[in-house]
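Dropping a structure here in structure tokens format, bear with me for questions.
The values are calculated or read from the model by the stated rules, or taken from the named source; none is laboratory data. All of these numbers come straight from a predicted model, not from anything done at the bench. A quick note on method: Cβ atoms are made from the backbone with ideal geometry, for glycine too, and the neighbour counts reach across all protein chains shown.
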Amino acid sequence: MSSPSSIKPSSPATAARAVLAIHGGAGTLRRAAMSPEAEASYREALQRILADGAQRLRDGDTALDVVVEAVRQLEECELFNAGKGAVYTADERHELDASVMDGRDRRAGAVAGVTRLRNPVLAAREVMAHSGHVLMIGRAAEHFALGQGLEMVAPEWFDTPQRLEQLRLAQARALGQVLDHDGQSVVAEAGGAGVEGGTVGPIDEQHKFGTVGAVALDVHGHLAAATSTGGMTNKRPGRVGDSPIPGAGCYADDRSVAVSCTGTGEAFLRAVAAHEVSALMRIGGLSLAAACERVLFEELPQVQGDGGLIAVGRDGEVYLGFNTEGMYRGSVRPGETPFVGVYRDEG
């Protein structure tokens, strides 16, 4: 938590710009095979988390507090690939990554390859606040987090039958690494369980990039971002993507923008995608939309990068974009009704 002296009093104009945006992964749509009940479950989860965040912003919580709590709730929802419901590695385990960044001073914290932390995003924040470091990995990160009082769980706590079925089918079909929701369409094609009692989500699990994230501008005029992921189905043990890397999958700077990414992790790393948005705005003078579109539709395709990003500029402008067919996404301002979208033609 920030001390009161570190937070500037808000003006009515700044408070009016306060906003939260979240995402739950991007990919290929499967609208024709979608049940209304399954689609509603995704939308309701996003709406609930956005409504809670809006109230927190209205109460004066910092952007950092709001994005961390939003991502923590996404980690608790097994519809998404972060925390509970994370995908499996090739050796049938879960390796989780997360990062946070505070736009006030560009402090950042991250964990990678953790297997027993219930909420990796909380550990990332503790790394930022108390370790003196930016990134910690594996057992050492877990030992540090335990010392900070965070909850540990057995590795099996993250298990879900639909994710295990995704792995088994991917391996049986020799698909190699599969990007979260990509794996669920394989399950569907094989007549498998999927999620939510025999259904799968509106984004094809065979062509989805499974990461969750949040960005916010608070009533004090400060920005923050957080990102969390279980990685890719059937990934090589020890593989780390962009999500826990500040500047790649997560970035926040009060001078420009807060960004959280979801997509082909290796490509977002090579493009330093989140920081590239900030640099194009702060140094290049581009608008939020122009900077995001340059990264999504010009820079990332040069390195075979598919996915999306959410961004909030220092003026409160919001961008929810993707170069795939769809993305679980939403945004809200205090006192307003949350917007939630999945398909390209929404919002």
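Going by the conditions given, is ASP65 buried (at least 19 other Cβ atoms within 10 Å of the Cβ) and of a type in the set (D, E, K, R)?
Spelling it out, ASP65 is indeed buried (at least 19 other Cβ atoms within 10 Å of the Cβ) and of a type in the set (D, E, K, R).
Still on this structure: Take residues that are basic (Lys, Arg) and either more than 18 Å from the chain's Cα centre (by Cα) or surrounded by 18 or more Cβ atoms within 10 Å (Cβ to Cβ) (or both) and tell me which of the strands (runs of 3 or more DSSP E) falling wholly in region 249-347 contain 1 or more.
Fully inside region 249-347 and qualifying: 326-332.
For residues in region 80-93 being surrounded by fewer than 24 Cβ atoms within 10 Å (Cβ to Cβ) and of a type outside the set (Gly, Ala, Ser), which is farthest from GLU165 (Cα to Cα)?
Looking at the filtered set, the residue picked out is LYS84.
Shifting gears a bit: Suppose we filter ALA290, ALA214, ALA311 for residues that are in contact with a Phe, Trp or Tyr (Cβ under 6 Å, 6 or more places away or on another chain) and either of a type outside the set (Phe, Trp, Tyr) or at pLDDT 95 or above (or both); which single one remains?
Going through ALA290, ALA214, ALA311 in turn, just one is in contact with a Phe, Trp or Tyr (Cβ under 6 Å, 6 or more places away or on another chain) and either of a type outside the set (Phe, Trp, Tyr) or at pLDDT 95 or above (or both): ALA311.
If you take the residues in region 132-158 that are surrounded by 17 or more Cβ atoms within 10 Å (Cβ to Cβ) and of a type outside the set (A, V, I, L, M), which one is modelled with the lowest pLDDT?
Looking at residues that are surrounded by 17 or more Cβ atoms within 10 Å (Cβ to Cβ) and of a type outside the set (A, V, I, L, M), I get PHE158.
VAL114 is checked against (1) out of contact with any helix residue (DSSP H, G or I) (no Cβ under 8 Å at 6 or more places or on another chain); (2) without any contact (Cβ under 8 Å) to a residue 40 or more places away in the chain and fails just one. What number does that condition carry?
Checking VAL114 against (1) out of contact with any helix residue (DSSP H, G or I) (no Cβ under 8 Å at 6 or more places or on another chain); (2) without any contact (Cβ under 8 Å) to a residue 40 or more places away in the chain, the one that fails is (1).
Still on this structure, please answer the following. Mind checking which pairs have a first residue in region 308-334 that is under 12 Å from LEU20 (Cβ atoms) and a second that is part of a loop (DSSP other than H, G, I, E, B) and at pLDDT 95 or above, Cβ under 6 Å, 6 or more apart or different chains?
GLY330/PRO338; VAL332/PRO338; PRO334/ALA18
Looking at region 127-138, I want the residues that are assigned to a loop (DSSP other than H, G, I, E, B) and have a partner that is surrounded by 14 or more Cβ atoms within 10 Å (Cβ to Cβ) and among the basic types (Lys, Arg) with Cβ atoms under 9 Å, at least 6 apart or on another chain. Which pairs are those?
Listed by first residue and then by second, the contacts come to VAL134/ARG107.
Taking GLY238 as the residue in question, decide whether it is modelled with pLDDT of 95 or more, surrounded by fewer than 24 Cβ atoms within 10 Å (Cβ to Cβ), out of contact with any Cys (no Cβ under 6 Å at 6 or more places or on another chain) and within 30 Å of GLY335 (Cβ to Cβ).
Spelling it out, it is not the case that GLY238 is modelled with pLDDT of 95 or more, surrounded by fewer than 24 Cβ atoms within 10 Å (Cβ to Cβ), out of contact with any Cys (no Cβ under 6 Å at 6 or more places or on another chain) and within 30 Å of GLY335 (Cβ to Cβ).
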